[in-house]
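Chemist: This is the structure I have questions about; it appears just below.
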Amino acid sequence: MTKIVVFGASGKAGHQIATLAQTRGHEVTRIGRTPGLTAEAAAGHDVAVSSVVDLARDPADFYREAAHALTTSGVGRIIVVGIYTLLETSPGVRVIDSPDFPAEHRPFCLGHAAGVEVLAASTTDWLVMSPAGNFGGTPTGRYRLSGVDPSDALTYEDFALAVVDEIESPTHRHTQIGVASA
């Protein structure tokens with residue numbers, strides 16, 4: 001049994017992840033927006049899953065602080081729910097780097113990227129798992145790893161399977177991967 005804390009457990013992805021992990025026999029601590037993501041709340045857990053957002057704050061500040069709290073908590077493994085716009089379309093080129101990427105979405109996406117930079121600069125065991133496209137569709141009970149494809153759909157239920165499988169059998173470290181429903 002793994003001791004898991006899920007930040008954002010009141011949201012769609014976090015709720016599904018926490019519920020599935022608990023169903024599989026793991027000890028799960030569910031944290032919503034209050035008290036929020038803190039190093040103290042993560043401490044003592046084997047795995048921390050971050051599925052949080054604070055739209056009232058500057059995205060870069062928020063995601064940097066959240067990643068810093070996780071990396072200093074002493075938790076054994078960190079899994080962050082990411083966004084497909086940070087996945088690479090070719091080596092070193094992310095979706096967000098496209099010249100026609102909508103300017104109004106850049107601050108939020110770059111905020112996520114700032115959090116990933118904090119993770120990457122740490123010695124912590126971390127992984128960012130993102131939908132390869134958008135959340136949606138009908139649950140299949142299966143998933144596949146995938147490169148970025150905005151037309152791909154991923155249900156919250158299938159995403160939870162991918163996250164909990166990665167918790168139980170870690171195979172990806174220090175990277176971001178895309179997931180789609182199979």
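The values are calculated or read from the model by the stated rules, or taken from the named source; none is laboratory data. Just so we're clear, the structure is a prediction, and the values are computed from it rather than from any experiment. All Cβ positions, even for glycine, are placed from backbone atoms using ideal geometry, and neighbour counts span all protein chains on display. Quick note on the areas: whole protein, heavy atoms, side chains included, nothing else; ligands and nucleic acids left out. Shrake-Rupley method; radii C 1.70, N 1.55, O 1.52, S 1.80 Å.
Chemist: Of the residues VAL5, VAL116, which is at negative phi and out of contact with any Ser or Thr (no Cβ under 8 Å at 6 or more places or on another chain)?
Modeler: None of the others qualify; the one that does is VAL116.
Chemist: Considering only residues that are open to solvent by 70 Å² or more (accessible area, probe 1.4 Å) and of a type in the set (Asp, Glu), look in the stretch 94-131 and name the one that is farthest from ASP46 (Cα to Cα).
Modeler: ASP100
Chemist: Any idea which residue in the stretch 27-51 is nearest to PRO170 (Cα to Cα), counting only those that are in contact with a Leu (Cβ under 9 Å, 6 or more places away or on another chain) and at pLDDT 95 or above?
Modeler: Here the answer is ALA48.
Chemist: Using the structure shown, decide if PRO150 is open to solvent by 30 Å² or more (accessible area, probe 1.4 Å) and at pLDDT 95 or above.
Modeler: Against the criterion (open to solvent by 30 Å² or more (accessible area, probe 1.4 Å) and at pLDDT 95 or above), PRO150 does not qualify.
Chemist: Within the stretch 1-88, considering only helices (runs of 4 or more DSSP H) that don't extend past its boundaries, which have at least 3 residues that are surrounded by 21 or more Cβ atoms within 10 Å (Cβ to Cβ)?
Modeler: Passing ranges, in order: 12-23, 59-71.
Chemist: Looking at (1) in contact with a helix residue (DSSP H, G or I) (Cβ under 8 Å, 6 or more places away or on another chain); (2) in contact (Cβ under 8 Å) with a residue 40 or more places away in the chain, which is the only condition ILE31 fails?
Modeler: Result: ILE31 passes all but (2).
Chemist: Tally time: how many residues in the stretch 153-174 are open to solvent by less than 10 Å² (accessible area, probe 1.4 Å), out of contact with any Leu (no Cβ under 9 Å at 6 or more places or on another chain) and outside any loop (DSSP other than H, G, I, E, B)?
Modeler: Residues that pass the stated criteria total 3.
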